[in-house]
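The values are calculated or read from the model by the stated rules, or taken from the named source; none is laboratory data. None of the values given here were measured: they were computed from a predicted structure. Neighbour counts are summed over all protein chains in view; Cβ atoms, including those assigned to glycine, are modelled from backbone coordinates with ideal geometry. Areas reflect the complete protein model, heavy atoms only, side chains present, ligands, DNA and RNA absent. Shrake-Rupley method; radii C 1.70, N 1.55, O 1.52, S 1.80 Å.
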2 protein chains.
Amino acid sequence: MTARSSTDPARVIPEATVARLPVYLRALTALADTGIRTCSSEDLATAAGVNSAKLRKDLSYLGSYGTRGVGYDVDYLRYQIAREIGVTQDWPVVIVGIGNLGHALANYSGFRSRGFRVVALLDADPSLSGEIVAGVAVRPFDELEAIVHDHDVAIGVIATPASAAQDVADRMVAIGITSILNFAPSVLSVPEGVDVRKVDLSIELQILAYHEQRKANGAEAAAPVAPVADGGAA
Amino acid sequence: MTARSSTDPARVIPEATVARLPVYLRALTALADTGIRTCSSEDLATAAGVNSAKLRKDLSYLGSYGTRGVGYDVDYLRYQIAREIGVTQDWPVVIVGIGNLGHALANYSGFRSRGFRVVALLDADPSLSGEIVAGVAVRPFDELEAIVHDHDVAIGVIATPASAAQDVADRMVAIGITSILNFAPSVLSVPEGVDVRKVDLSIELQILAYHEQRKANGAEAAAPVAPVADGGAA
DNA sequence: ACCGATTTGTTCTCACGTTCACAAACTCTT
DNA sequence: AAGAGTTTGTGAACGTGAGAACAAATCGGT
């Protein structure tokens, strides 16, 4: 018997699949909200914007939660995915850097509704201390250790300027935070065992610009006129 | 002679490479700012947080811009990457949805400094019209078409609630926008030829939560006490 | 002009992720 | 109870990406 139970920690879920589970979870919630109790892999795949074979394979890593000939029970599958991701429990989170982006993050309702609780907002600028953002008071960065210790925080969000990001990360790691979501446009170096995910607004736009430029160039090249001069002449 | 010149539109750059080019660009800019004129692939790879072999392979897709035995000229390589991505030109951008996140995006200096110019802020809520955010007036959503036409906008940013996102996207596509950066937590369906990139804050946190949970479970399983009760009993 | 040191560009191999295709398993009708 | 129709779960083929390793090219010293 080599079947892996869903509580077997040795069972490995591919990273690409993990990244899609939250999408499935959201799609299932949307289906449940419209009163749908059962759905096929095709239905769910459409709602999640993926191929149904990929969806089935992804779900198969979690276990066998569907019924052949029928499909998936929406609520049951939703619970299983939520449990797998870990959003059935509450995750305390600290946000460091309360500028424009920090404000937006603190106010973002999508966190709270998915099991993430913002327990503190921190900023190095003392003039911000005491300000209330989304019902939480901004506190000095120095209080990070006490807060992380008190609330058993494992996840930190960095929304500072790039220049401060590494220092903040170092401090977080030293205090015991093991997962960091980094919005600052800088490469963080952290020790083994600490997970970092990066969200970089301008990189996303640059990727779009690249493809946009290619579309334009392609159209240009396809047009019968104006062969593009090579840079060599300039 | 099958060599592909850098202006050959048929030359294909892998998507994974495209996504890293902006990181290299940023790292090069940082190096240039510290007065460094030349760097090896090892130096740049370290600054960008990647493996040097991967970096060299990525750069090789653009052309042969290094010198063996020496390395890369920082300014020259920076220009070549910027040109490849398309950030040597100016990209007009519209932002739709001026809530907390829209404000943060409008104020984000990283856009402007990388060739993206916010030409308009739009919101369906008429009570926001006329408000000035980051030096740009908020205008009614209806003016999208005129603005896109006037400024030749190809890239749109959606920062609305999920419920409005698909409608906004449809409208953008109808008007001629071909690249969309979507911050709303919803799956957009768009026709062939339109690029969509998604930034989803809560998905990133959920991915971290998954790994965090696994770390905790692993530690628990390793500990000699407390076998985890299966959900079946609950 | 040659030799050793250095570093790029590229080839080869392996791992990962996606998609197809189908057998297994379930429901419903007769 | 059996067969037709569905739909899942998975094995196999394919494509893409990562990393190691090395040949080609350049520089500096003698």
*Which helices, counted as full DSSP H runs in chain A, have an axial Cα extent of no less than 18 Å and a Kyte-Doolittle average of 0.5 or above?*
A:15-33, A:162-175
*From the label point of residue B:14, set 7 Å from Cα along Cα→Cβ, how far away are the matching label points in the other copies, in nm, ordered shortest to longest?*
1.6
*With a sphere of radius 9 Å drawn around the Cβ of residue B:66, what net charge do the other residues whose Cβ falls strictly inside it have (Lys, Arg +1; Asp, Glu -1)?*
+1
*Going 7 Å from the Cα of residue B:109 in the Cα-to-Cβ direction, what parts of segment A:159-192 have a backbone nitrogen less than 13 Å from that spot?*
A:161-164, A:185
*Once the whole set of protein chains is in place, how much accessible area is left on residue B:151, using a 1.4 Å probe, in Å² to the nearest 10?*
80 Å²
*Given 20 Å bins starting at zero, what is the percent of C-alpha pairs of the protein assembly as shown in each, up to the one with the largest pair distance?*
21, 54, 24, 1
*For residue A:198, go through the aspartates and glutamates and keep the ones whose alpha-carbon is under 13 Å away, minus same-chain ones fewer than eight residues off.*
B:200, B:204
*What residue among A:181, A:122, A:208 shows peak mean-square fluctuation when chain A is described by a Gaussian network model with Cα springs under 10 Å?*
A:208
*Given the options A:14, A:185, A:126, state which has the largest fluctuation in a GNM of chain A using a 10 Å cut-off (strictly under) for Cα springs.*
A:14
*Residues with amide H under 5 Å from that of residue A:38, placed H, sequence gap 5 or more*: A:74
*For a paramagnetic label modelled at 7 Å from the Cα of residue B:75 toward its Cβ, which residues of segment B:40-64 fall within the zone defined by backbone nitrogen distances under 18 Å?*
B:40
*Quick one: plug the Kirkwood hydrodynamic radius of segment B:15-85 (C-alpha pairs) into Stokes-Einstein at 20 °C, 1.002 mPa s, and report D in µm²/s.*
183 µm²/s
*How much net charge surrounds residue A:92 when only other residues with a Cβ under 10 Å from its Cβ are counted (Lys, Arg +1; Asp, Glu -1)?*
-2
*At 1.4 Å probe size, with no ligands or nucleic acids counted, give the accessible surface of residue A:56 in Å², nearest ten.*
110 Å²
*Sulfur and carbon atoms: percent of accessible area, segment A:65-149 [1.4 Å]*: 50 percent
*Could you give me the percent of Cα pairs per 10 Å distance bin for segment A:158-212, shortest bin first, beginning at zero and ending with the bin that holds the maximum distance?*
24, 47, 20, 8, 0
*Would you mind telling me which residue in B:164, B:47, B:154 has the biggest mean-square fluctuation in a Gaussian network model of chain B, where springs connect alpha carbons within a distance under 10 angstrom?*
B:47
*Dmax and Rg, reported as Rg then Dmax, of segment A:75-205 (C-alpha, Å)*: 14.8, 48
_Across the identical copies, how the residue B:132 labels are spaced - nm, sorted shortest first, 7 Å along Cα→Cβ_ = 3.0
*Determine the calculated [θ] at 222 nm for chain A from helices alone, applying -39500 (n - 2.57) to every DSSP H run no shorter than 4 residues and normalising by the residue count; nearest 500 deg cm²/dmol.*
-14000 deg cm²/dmol
*Rounded accessible area per residue of segment A:15-85, 1.4 Å, Å²*: 49 Å²
*Cβ-based net charge around residue A:204, under 15 Å, with every Lys or Arg adding one and every Asp or Glu removing one*: +1
_Cβ nearest the rotation axis (A onto B), residue from chain A and distance to the nearest whole Å_ = A:104, 2
*Between residue A:218 and the same site in the other copies, what are the distances in nm, shortest first, taking label points 7 Å from Cα along the C-beta direction?*
4.2
*Averaged over every viewing direction, what's the projected area of the C-alpha convex hull for chain B? Give it in nm², one decimal, please.*
20.5 nm²
